[in-house]
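Have a look at the structure below, then the notes.
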Ligand code: UTP
C-alpha cells in the first residue's frame with residue numbers, strides 16, 4: 001500500500017530572467033493566462049489530485065504571490081453591492097484556508113533541488129508532490145491526478161515525462177527507461193540536459209513529480225551539480241539503484257512551457273480559444289492575421 005499524497009511543494013523562488021523586465025516587479029507565477037495567474041492553474045491541479053497542504057518556496061520580491069491567496073473582503077463587498085455574483089464566485093474560488101498554505105523562503109536561488117530541500121522540515125516521512133507552475137498542462141483529467149492514480153500502483157518516485165524534439169534534450173532531464181512504449185515506465189537512468197548525441201532517449205522530465213521522502217534525504221547530502229546548482233534530478237536518480245525505484249509517467253494532455261515567451265504566447269492563444277466567451281472573437285482575429293500575412 002502506497003501512502004496518500006497530501007502535500008505539494010511549489011518552487012517559485014526563481015529569478016524569472018527570461019521575462020525581464022516584467023519580472024523585475026511581477027513574479028512570473030502571477031503573470032496571467034487569460035484571466036488567471038499561472039499559480040492558480042497549479043493550485044487547481046493540486047486540489048484535483050487530493051492535495052491538502054500547499055508549500056510555496058518563495059524569495060525576495062514575491063509578496064504579490066502570498067497576497068494573492070488572502071481573502072479580499074473589500075473587493076468582495078464591492079462586488080456584492082454591485083450584484084456581480086459570477087465575479088464574486090471567481091474571486092472566492094481563489095481563497096485559501098489559513099493553515100493550508102506555508103511559505104518557506106529560499107535565501108538564494110541555488111537551483112530547483114535546493115528549493116525543494118527548503119521544505120524538508122514540513123515534509124517528514126511522507127511522499128510529496130512537486131509542481132512547477134511554469135509548466136501548464138491542459139488535460140481532461142488534470143496531470144497530477146493521473147499521476148497520483150498511477151503512483152498508487154508503483155510507489156517509489158514518479159516523474160511526468162513527454163517526448164521532445166531531439167534538439168531540445170539539452171533543456172531537460174532525460175530518461176533512459178525500460179518498456180519505453182508504455183504509459184508507466186521503469187527508469188534505468190536520468191541525465192540532466194544532455195546534448196542530442198548523448199541523450200539516452202527523447203523522453204523529457206517536465207514539472208510534475210511525486211517523490212519518496214528518501215529524495216529529500218538525498219537532496220540534503222548533495223553537492224552542486226550541472227551549472228553549479230543543486231539538481232533535483234540527481235537526488236531522484238539516487239533512488240534508481242538500491243532505492244525504492246523511479247517511474248516515468250507519460251501523461252495525457254498538452255503541456256505549455258510558460259517559463260518561455262513563445263510557450264506563454266502559445267498557451268495564451270490555446271486557452272483563449274478553449275474559452276466559449278472568447279473563442280469566436282479570437283479565432284476571427286487569428287484568421288484575419290493569417291489572411292493579411294498571406295497577402296503581404
Ligand atoms: P527555471 O529554470 O525556469 O528558472 O526554474 P527561473 O528563475 O524561474 O526562470 P529563468 O530561467 O531565469 O527565466 C524552474 C522552477 O524552479 C523554481 C522556479 O521558480 C521555477 O518554478 N526555482 C528555480 C526555484 O524555486 N529556486 C531556484 O533556485 C531555481
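The values are calculated or read from the model by the stated rules, or taken from the named source; none is laboratory data. As the structure is a computational prediction, the values presented were derived from the model and not from experiment. Neighbour counts run over all protein chains shown; Cβ positions are idealised from the backbone, glycine included.
Looking only at the range 183-211, how many residues end up being closer than 23 Å to residue 3 by Cα and without any contact (Cβ under 8 Å) to a residue 40 or more places away in the chain?
0
Taking the range 177-198 only, how many residues are out of contact with any helix residue (DSSP H, G or I) (no Cβ under 8 Å at 6 or more places or on another chain) and either at positive phi or part of a loop (DSSP other than H, G, I, E, B) (or both)?
5
If you check residue 161 against the conditions, is it at pLDDT 95 or above, away from the ligand (no atom under 16 Å from the Cβ) and under 21 Å from the mean Cα position of the chain (by Cα)?
On the way: at pLDDT 95 or above: yes; away from the ligand (no atom under 16 Å from the Cβ): yes; under 21 Å from the mean Cα position of the chain (by Cα): yes.
It is true that residue 161 is at pLDDT 95 or above, away from the ligand (no atom under 16 Å from the Cβ) and under 21 Å from the mean Cα position of the chain (by Cα).
Tell me, which residue of the range 21-31 that is surrounded by fewer than 15 Cβ atoms within 10 Å (Cβ to Cβ) and free of Cβ contacts under 8 Å to residues at least 24 places away in the same chain is nearest to the ligand (Cβ to nearest atom)? Spell out how you get there, then give the answer.
The initial filter retains those residues of the range 21-31 that are surrounded by fewer than 15 Cβ atoms within 10 Å (Cβ to Cβ), namely 21-22, 24-25.
With free of Cβ contacts under 8 Å to residues at least 24 places away in the same chain added as a condition, the list becomes 21-22, 24.
Numbers: 21: 12, 22: 11, 24: 12 Å.
That would be 22.
Is it the case that the range 270-286 has a residue that's surrounded by fewer than 18 Cβ atoms within 10 Å (Cβ to Cβ), away from the ligand (no atom under 16 Å from the Cβ) and within 18 Å of residue 129 (Cβ to Cβ)?
no
Among the candidates 245, 253, which residue alone is surrounded by fewer than 18 Cβ atoms within 10 Å (Cβ to Cβ), closer than 28 Å to residue 181 by Cα and over 20 Å from the mean Cα position of the chain (by Cα)? Steps first, please.
Values: 253 fails: over 20 Å from the mean Cα position of the chain (by Cα).
Answer to the check: 245.
Starting from residues that are touching a residue at least 60 places away in the same chain (Cβ under 8 Å) and over 17 Å from residue 214 (Cα atoms), keep the ones in the range 95-116 and report whichever is nearest to the chain's Cα centre (by Cα). Walk me through how you get there before you give the answer.
Narrowing the range 95-116 to residues touching a residue at least 60 places away in the same chain (Cβ under 8 Å): 105-106, 109-116.
Then keep just the ones that are over 17 Å from residue 214 (Cα atoms); that gives 105-106, 109-111.
Numbers: 105: 18, 106: 18, 109: 17, 110: 18, 111: 15 Å.
That would be 111.
May I ask you to list the residues in the range 67-115 that are farther than 19 Å from residue 38 by Cα, in a helix (DSSP H, G or I) and within 12 Å of the ligand (Cβ to nearest atom)?
113, 114
Would the range 249-268 turn up any residue that is more than 29 Å from residue 47 (Cα to Cα) and either modelled with pLDDT under 90 or assigned to a loop (DSSP other than H, G, I, E, B) (or both)? Break it down into steps so the answer makes sense when it comes.
The initial filter retains those residues of the range 249-268 that are more than 29 Å from residue 47 (Cα to Cα), namely none.
No, the range 249-268 contains no residue that is more than 29 Å from residue 47 (Cα to Cα) and either modelled with pLDDT under 90 or assigned to a loop (DSSP other than H, G, I, E, B) (or both).
Out of everything in the range 1-20 that is part of a loop (DSSP other than H, G, I, E, B) and near the ligand (Cβ under 9 Å from one of its atoms), what residue ends up being surrounded by the fewest Cβ atoms within 10 Å (Cβ to Cβ)?
In the first step, residues of the range 1-20 are kept if they are part of a loop (DSSP other than H, G, I, E, B); the result is 1-6, 12-16, 20.
Now drop any that are not near the ligand (Cβ under 9 Å from one of its atoms), which leaves 12-16, 20.
On the way: 12: 26, 13: 26, 14: 22, 15: 13, 16: 21, 20: 9.
Within the range 1-20, the match that is surrounded by the fewest Cβ atoms within 10 Å (Cβ to Cβ) is 20.
Read through the list (1) within 13 Å of the ligand (Cβ to nearest atom); (2) touching a helix residue (DSSP H, G or I) at 6+ places or on another chain (Cβ under 7 Å), then give the number of the only condition that residue 60 fails.
Tallying (1) within 13 Å of the ligand (Cβ to nearest atom); (2) touching a helix residue (DSSP H, G or I) at 6+ places or on another chain (Cβ under 7 Å), residue 60 fails exactly one: (2).
Quick check: anything in the range 117-127 part of a helix (DSSP H, G or I), touching a residue at least 12 places away in the same chain (Cβ under 8 Å) and either farther than 30 Å from residue 60 by Cβ or within 17 Å of the chain's Cα centre (by Cα) (or both)?
Initial filter on the range 117-127 (part of a helix (DSSP H, G or I)): 117.
Then keep just the ones that are touching a residue at least 12 places away in the same chain (Cβ under 8 Å); that gives 117.
Narrowing the set further to residues that are either farther than 30 Å from residue 60 by Cβ or within 17 Å of the chain's Cα centre (by Cα) (or both) leaves 117.
Scanning the range 117-127 turns up at least one residue that is part of a helix (DSSP H, G or I), touching a residue at least 12 places away in the same chain (Cβ under 8 Å) and either farther than 30 Å from residue 60 by Cβ or within 17 Å of the chain's Cα centre (by Cα) (or both).
Quick one: how many residues across the range 64-94 are within 28 Å of the chain's Cα centre (by Cα), modelled with pLDDT of 85 or more and loosely packed, with under 13 Cβ neighbours inside 10 Å?
Selection size over the range 64-94: 5.
Applying the selection to the range 233-242, what residues are surrounded by 20 or more Cβ atoms within 10 Å (Cβ to Cβ) and part of a loop (DSSP other than H, G, I, E, B)?
238, 239
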